[in-house]
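J.: Before we start, here is the structure in question, set down as structure tokens.
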Amino acid sequence: MKFSVNYKNILIVIIVSSALGLVFNSFSPTGIKIIREADKVVETDSEDYSIIVSDGIEIKTVESKSAYKFFLEEDYIFVDSRDQWDYEDGHIKGAINIPQFSFEPDNETLSKLDKSTNLVIYCDGNDCDVSKRLAKEFIKLGYNFVFVYLGGYMEWATLGFPIE
């Protein structure tokens with residue numbers, strides 16, 4: 001028995017399914033942007049933070065020096081935006097875990113935070129956008145003092161800052 005493959009039909013199925021996926025994505029309220037805009041840096045006079053604009057939302061970002069300063073002030077809550085397994089493997093001392101991938105506005109931990117709370121959100125490091133996405137969610141909900149620590153957990157641990 002000879003088995004033959006009809007490549008034309010396979011190509012048609014791939015093209016039709018890709019087109020349907022693109023159409024669904026464009027109409028979905030949670031669709032993924034096909035062409036992503038680069039974050040824009042905004043000039044600021046602050047030596048503690050910088051501002052980037054991502055998807056039209058201004059996000060304050062901090063480097064390790066400012067993040068550690070905030071940590072020492074104890075007036076800031078550090079939020080680990082990574083999944084619970086990464087958090088359990090190690091996190092910034094005292095940080096709470098609110099994973100971006102399973103974020104819900106009615107999250108129990110989130111409901112305990114006042115909207116005027118100083119938050120420093122982080123993930124693994126510079127190549128990780130999870131913290132920026134979670135920061136946007138907090139900002140949309142009306143939290144006023146949201147910072148993103150770009151260096152993230154990896155940089156924090158490498159610098160020998162307190163971890164758990």
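Read the figures in this text as sums done on the coordinates, not as results from a lab. Predicted model, so just to flag it, every value in this text is computed and none were measured. Here the Cβ is made from the backbone with ideal geometry for all residues, glycine too, and neighbour counts use every protein chain on show.
J.: Quick one: among Ile57, Ile92, Ile34, which has the greatest mean-square fluctuation in a GNM of the chain with alpha-carbon springs under 10 angstrom?
T.: Ile34
J.: Here's a follow-up. Gain in length, Ser18 to Glu74, computed as 0.36 nm per residue apart minus the alpha-carbon separation, to one decimal in nm?
T.: 15.2 nm
J.: Looking at the chain, send over the antiparallel percent of its DSSP beta bridges, to the nearest 5.
T.: The antiparallel fraction comes to roughly 40 percent.
J.: Could you order peptides 96-107, 67-78, 132-143 by the average number of other Cβ atoms within 10 Å of their residues, highest first?
T.: For the peptides 96-107, 67-78, 132-143, the packing ranking is 132-143, 67-78, 96-107.
J.: Also, quick follow-up: Using only Cα atoms, tell me the angle between helix 7-27 and the longest principal axis of the chain; keep it within 0 to 90° and round to the nearest 10.
T.: Rounded to the nearest ten degrees, it is 40.
J.: Along the Cα→Cβ direction, 7 angstrom out, place labels at Glu47 and Trp85. What is the inter-label distance in nm?
T.: Reported label-point gap for Glu47 and Trp85 is 4.3 nm.
J.: Based only on Cα atoms, what mean projected area does the convex hull of the stretch 52-127 have, in nm²? Intermediate values should be presented prior to the final figure.
T.: Working: hull surface 23.4 nm².
Average of the hull's projected areas for the stretch 52-127 equals 5.9 nm².
J.: Spin-label point model (7 Å from Cα, Cβ direction): what's the Ile139 to Asp127 distance in nm?
T.: Once both label points are built, they end up 2.5 nm from each other.
J.: Right, another one. Within the stretch 87-119, list the residues whose amide N lies under 19 Å from a label point set 7 Å along Cα→Cβ of Leu159.
T.: So the set is 90-96, 118-119.
J.: Please give the contour-minus-distance gain from Glu63 to Val5: 0.36 nm per residue of separation, less the Cα-Cα distance, rounded to one decimal in nm.
T.: Details: separation 58, 0.36 × 58 = 20.88 nm, distance 5.56 nm.
My answer for the length gained is 15.3 nm.
J.: Quick one: order Val148, Val130, Val53 by neighbouring beta-carbon count within 10 Å, fewest to most.
T.: Ordered from fewest to most neighbouring Cβ atoms within 10 Å, Val148, Val130, Val53 come out as Val53, Val130, Val148.
J.: Per DSSP H run of at least 4 residues, take -39500 (n - 2.57); add these up for the chain, divide by its residues and hand me the 222 nm value, nearest 500 deg cm²/dmol. It would help to have the intermediate numbers written out before the result.
T.: Working: 6 runs with 59 residues, N = 164.
Helices in the chain give a 222 nm mean residue ellipticity of -10500 deg cm²/dmol.
J.: Tell me which lysines have Cα within less than 21 Å of Lys2's Cα, excluding those fewer than 8 residues away on the same chain?
T.: Cross-link targets: none qualify.
J.: Oh, and also: Rounded to the nearest 10 degrees, what's the angle between the helix 64-73 long axis and the longest principal axis of the chain, both from Cα atoms, 0 to 90?
T.: Between helix and principal axis, roughly 50 degrees.
J.: Taking Rh as the Kirkwood radius computed over C-alpha pairs, what is the Stokes-Einstein D of the chain at 10 °C in a medium of viscosity 1.306 mPa s, expressed in µm² per second?
T.: Estimated via Stokes-Einstein, D reaches 89 µm²/s.
J.: With respect to the cross-link table entries Lys65/Lys136; Lys33/Lys140; Lys33/Lys115; Lys33/Lys136; Lys112/Lys132, which display a Cα-Cα separation exceeding 27 Å?
T.: As for pairs spanning more than 27 Å Cα to Cα, those are Lys33/Lys115.
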